[in-house]
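Single-structure report; data block below.
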Amino acid sequence: MNIRTAEFVISNTEVMKCPQDGRPEYAFIGRSNVGKSSLINMLTGRKGLAMTSSTPGKTQLINHFIINDEWYLVDLPGYGYAQRGKKGREKIEEIIRLYIERRDSLTCLFVLIDSRHEAQQIDLEFMEYLGENGIPFSIIFTKTDKISNSRLNENVEKYKAGLLETWEELPPVFFTSSEHKKGRDEVLNYIEEINRTTEE
Ligand code: GTP
Ligand code: MG
């Protein structure tokens, strides 16, 4: 897919204040620091579009970006960031939960997983929660430039085994590196395909 335009629209904490034009939307979620904002910049080819940081907890709002005037990319805050304190973490988790459960135009949620780590309970539980709520999602393994292919395969196989304990089939899986622009075409083509089928 050709990205002609990518523009910031609005940031907010409330799902009710998100754009109401009903255009399809694709959101990025995952633990803090997993690379959600970096991936949005990589996909759009606009380096400073979404704000990134080497310190976890950078994104604290729901951020909408409109792509080609047709669909939205949404950068969400990360979950599971302990240093924010219990109150701060609960507030962020509430923002995420309400967005996920109430956002009717959410077409696909991409769950980002740091490919360097073995299966994490918090991510598996989060995906279980998505399943219970009927939220369509796909998985993206990020930062693949930081790990060897053999380690990557090991980690991914363990994840799949963990998922198959509760799921009969696996969601679509992608591999990305924002550093090396890996996985860009795969993710964008997937979005394009969904946009095409939902238009019909
Ligand atoms: P929060 O907003 O805090 O939840 O984090 P985030 O998930 O948006 O992560 P962000 O994109 O801010 O990236 C966190 C750190 O990881 C930054 O230092 C990025 O440069 C780095 N990073 C992100 N993606 C990649 C990648 O594909 N490869 C490498 N090597 N580093 C990455
Ligand atoms: Mg971020």
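The values are calculated or read from the model by the stated rules, or taken from the named source; none is laboratory data. Keep in mind the model is a prediction, meaning the values are calculated, not measured. Using ideal geometry, Cβ is built from the backbone for each residue, glycine included, and neighbour counts are taken over all protein chains shown.
A single member of Glu169, Glu157 is over 27 Å from Thr44 (Cβ atoms) and assigned to a loop (DSSP other than H, G, I, E, B), and it is Glu169. Note on segment 107-128: residues that are in contact (Cβ under 8 Å) with a residue 40 or more places away in the chain and outside any helix (DSSP H, G or I) total 12. Put simply, of Ile96, Ile62, Ile140 the only residue that is closer than 21 Å to Phe175 by Cβ, among the β-branched types (Val, Ile, Thr), within 15 Å of ligand 1 (Cβ to nearest atom) and in contact (Cβ under 8 Å) with a residue 24 or more places away in the chain is Ile140.
Are any of the residues in segment 10-26 among the hydroxyl-bearing types (Ser, Thr, Tyr), at pLDDT below 95, crowded, with 19+ Cβ neighbours inside 10 Å and within 15 Å of ligand 1 (Cβ to nearest atom)? Looking through segment 10-26, none of the residues is among the hydroxyl-bearing types (Ser, Thr, Tyr), at pLDDT below 95, crowded, with 19+ Cβ neighbours inside 10 Å and within 15 Å of ligand 1 (Cβ to nearest atom). Of the residues making up segment 30-63, those that are under 21 Å from Cys18 (Cα atoms) and in contact with a Pro (Cβ under 6 Å, 6 or more places away or on another chain) are Thr59, Gln60.
Scan Thr166, Thr142, Thr197 and give me the residue that is closer than 18 Å to Met1 by Cα and out of contact with any Lys or Arg (no Cβ under 7 Å at 6 or more places or on another chain).
On the way: Thr166 fails: closer than 18 Å to Met1 by Cα; Thr142 fails: closer than 18 Å to Met1 by Cα.
When all the criteria are applied, what remains is Thr197.
Test Val173 against the stated conditions and say whether it is in contact with a strand residue (DSSP E or B) (Cβ under 6 Å, 6 or more places away or on another chain), surrounded by fewer than 17 Cβ atoms within 10 Å (Cβ to Cβ), of a type in the set (Val, Ile, Thr) and in contact (Cβ under 8 Å) with a residue 24 or more places away in the chain. Yes: the conditions hold for Val173. For Ile135, the conditions (1) touching a Lys or Arg at 6+ places or on another chain (Cβ under 7 Å); (2) part of a loop (DSSP other than H, G, I, E, B); (3) of a type in the set (Val, Ile, Thr) all hold with the exception of (1). Of everything in segment 104-125 that is at pLDDT below 95 and under 15 Å from Trp167 (Cβ atoms), the residue that is surrounded by the fewest Cβ atoms within 10 Å (Cβ to Cβ) is Glu125.
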